[in-house]
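See structure below.
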């Protein structure tokens with residue numbers, strides 16, 4: 001997983017440098033220190049060479065978003081008023097992250113949590129591969145999509161890291177522990193089940209005399225694995241139906257806002 005995230009970052013960085021050079025060359029600005037984010041944010045804002053304060057502020061907000069920054073309440077209101085489409089994309093990405101975090105809390109094993117994270121990361125990789133060799137997509141647009149997917153992966157990584165730091169990941173059983181807990185519980189249930197009375201031969205006493213030192217049936221004590229499994233099951237059941245509808249709504253909002261490219265729309269969803 002770490003190697004995968006590193007390759008995404010390295011590829012995006014290389015594409016950024018190439019695109020920045022080409023855009024500077026096309027505009028005859030090779031000697032300037034203008035960043036690629038400034039070129040892209042100017043394009044997104046549609047300001048061109050307009051330097052009035054409102055356009056400049058909007059470009060700064062777009063630049064902040066492109067770099068993965070968090071907007072202040074004032075910046076969010078300004079973006080909503082001046083660029084509703086960009087604001088809808090921001091909301092969709094935030095909703096998707098919340099849906100991912102809720103799904104993490106409902107995972108029943110460590111392996112399930114790892115697979116969930118991989119599903120989200122892989123969907124971004126599929127999207128990036130879908131546009132990488134598409135000659136009909138301009139390089140600036142490719143880079144924009146790559147940066148969006150890189151930011152998406154960063155958000156997933158951030159939520160996963162917080163899940164681990166809170167101790168929620170360590171509380172989950174492994175699949176091996178889950179299987180052992182199920183086996184132990186079945187054996188304990190079998191031990192508690194009353195046994196069928198033995199068939200008595202004629203002349204035998206109805207009651208078997210008590211043997212000295214005979215042990216009483218042992219009381220089952222829950223193992224650590226059983227406790228983990230029960231806790232994970234409770235979390236998985238808690239609000240699962242509502243969370244499913246929330247995840248679907250988040251994805252639809254992302255798709256309608258254009259935050260989910262067409263290539264990603266064809267996908268069903270401690271490194």
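For 142, 227, 70, what's the fewest-to-most ordering of other Cβ within 10 Å of each Cβ?
Ordered by Cβ neighbours within 10 Å, fewest first: 70, 227, 142.
For a quick protection proxy, order the peptides 230-236, 112-118 by their average other-Cβ count within 10 Å, most packed first.
Final packing ranking: 112-118, 230-236.
Given 0.36 nm per residue, what is the gain on full extension from residue 98 to residue 111 after removing their alpha carbon distance, in nm?
Extending this stretch completely gives an extra 2.6 nm.
Could you list 156, 145 in order of exposure, starting from the residue whose Cβ has the fewest other Cβ atoms within 10 Å?
So the residues, fewest neighbours to most, are 145, 156.
For a quick check: sort 155, 76 by the number of other beta carbons within 10 angstrom, fewest at the front.
With the fewest neighbours first, 155, 76 line up as 76, 155.
The numbers here are math on the coordinates, done by the rules we state, and not lab data. Since the structure is predicted, the reported quantities are computational estimates derived from the model, not experimental observations. Ideal geometry is used to build each Cβ from the backbone, glycine not excepted, and the neighbour counts take in all protein chains shown.
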